[in-house]
1. Output the relative contact order of the chain, whole-number percent, from Cα pairs under 8 angstrom with separation of 6+ residues.
2. Mind running the shape call on region 72-180? Use the C-alpha gyration tensor, a ≥ b ≥ c as the square roots of the eigenvalues: rounded below 1.5 for a/c, prolate if a/b tops b/c, oblate otherwise.
3. On alpha-carbon atoms, Rg over Rh for the chain using Kirkwood Rh?
4. Is the C-alpha gyration tensor of region 248-334 telling us rounded, prolate or oblate? Criteria: a/c under 1.5 is rounded; beyond that, a/b larger than b/c is prolate, otherwise oblate.
5. Reachable lysines from residue 307, Cα under 17 Å, same-chain residues fewer than 8 places away excluded?
6. With axes computed from alpha carbons, what is the tilt in degrees of helix 299-311 against the longest principal axis of the chain, rounded to the nearest 10 within 0 to 90?
7. May I ask for the angle, rounded to the nearest 10°, between helix 51-64 and the longest principal axis of the chain, with both axes built from Cα atoms and the value confined to 0 to 90°?
8. Charges only on Cβ, +1 for Lys and Arg, -1 for Asp and Glu: so what's the dipole of the chain about the Cα centre, in debye to the nearest 20?
Amino acid sequence: MASITASYPWTTAPLIAGAPMRLISGPSLVHAISAAGGIGFLAAGTDVSTLSENLSAFKSLLSTSPIPGAPSDVLPIGVGFILWGADLKLAVKALSELPEPPAAVWLFAPSSSEELGSWANGIRSATKNKSKIWVQASCVADAIEAIKVANPDVFVIQGADAGGHGRYASAGLISLVPELIDAVREYYGNLNGGGDTSSFPSPPKFVAAGGIADERGVNAILALGADGAALGTRFLAAEEAVIRKGYQDAVLKAEDGGNNTIRTDVYDKLRGTIGWPEGYGGRGVINLSYVDAIKGVSFEENEKLYKVAEGAGDKGWEEGNARMTTYAGTAVGLVKKVAKAGDIVRELRGQRI
Ligand SMILES: Cc1cc2nc3c(=O)[nH]c(=O)nc-3n(C[C@H](O)[C@H](O)[C@H](O)COP(=O)(O)O)c2cc1C
């Protein structure tokens, strides 16, 4: 069976993916990740209006700094969409205008199975099947549903520790990765009249996400049977991330992520990023906004205090005043310094920098 890196010929095993982080994963970050032999995902998120501009910016970076091994028919990156909020027609338009579409498209948080199916079909036809479809799923049931409507090339298995949005009801990677892989293989095996998926022309691959921040985490998910790792939180401390200094400093400072981060809708409500499907919340560092919400401070009062913090710029993340959202996963305590994204990728693969 071909390894996952065969489909992305500029990449080096083990495959390291930079998760699409809305507003944060821009052209420089994804270029740096892919140039180091990983695959960076540009975040379109819920707003597709800046996608063409970001893809053009990436292409000009690529023309000044080509990525060795990159194929000529696709861009050596992926693009990530948050389906409940993104406009499929705009996405199809932006991608079909490209002579070379991205090598992969990452689909997350559909409001229904039908929506996921429409996106997978729409993207495949817009890119003439050149973009592989990656679907991020946080539980076994979502993965099986995804097979029926989207037939993903890659499953991104999102564990409970993941930073940013994910399902409240989800398991840690140590149990989720093997169970989800077994369930998907069994499902395909049954479709194939029994037996395992090795007889399939191109069985799906599996990338694990959630709580991986260093080489030990990467080795662990490989031992569980995953083909690669996707990371968000660790890349918040990349030099190339589009991130406020206050946010990045708060990530570096936070530790003991199981104790000091929480998956909640408090931050979405205060920021006005509402509309997530039932069952999704965003994991971030616990701050005064969350503490006040839990204490019973009214939403109006909490929002007023949040707006004051927002007006204070980077100070809105400072101790004693920390109300600005710091989306990050439980691995935040393993993120100690800002580094070049390329060095992070190499370090995750076990190369000494
Ligand atoms: C700040 C931040 C923003 C994120 N934005 C997105 C997004 O726009 N689309 C998406 O599919 N996932 C998003 N995620 C979730 C990631 O896809 C991934 O599941 C997660 O980062 C993995 O866990 P980790 O943060 O522990 O590495 C985001 C994560 C973070 C930390």
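FYI, it's all coordinate maths here, none of it is from the lab. In this text, all values refer to a predicted model and were calculated from it rather than measured experimentally. When we count neighbours, we look across all protein chains shown, and the Cβ atoms used for this are built from the backbone with ideal geometry, even at glycine.
1. Value for the chain: 17 percent.
2. Numbers: a/c = 2.05, a/b = 1.78, b/c = 1.15.
It comes out prolate by the Cα gyration axes.
3. Working: Rg = 19.4 Å, Rh = 20.3 Å.
On the Cα set of the chain, Rg over Rh gives 0.96.
4. Details: a/c = 1.68, a/b = 1.11, b/c = 1.51.
Verdict is oblate for region 248-334.
5. 269, 315
6. It is inclined by approximately 80 degrees.
7. Value to nearest ten degrees: 70.
8. Details: 32 positive and 37 negative charges, 117 e Å.
Charge dipole, the chain, about its Cα centre: 560 debye, nearest 20.
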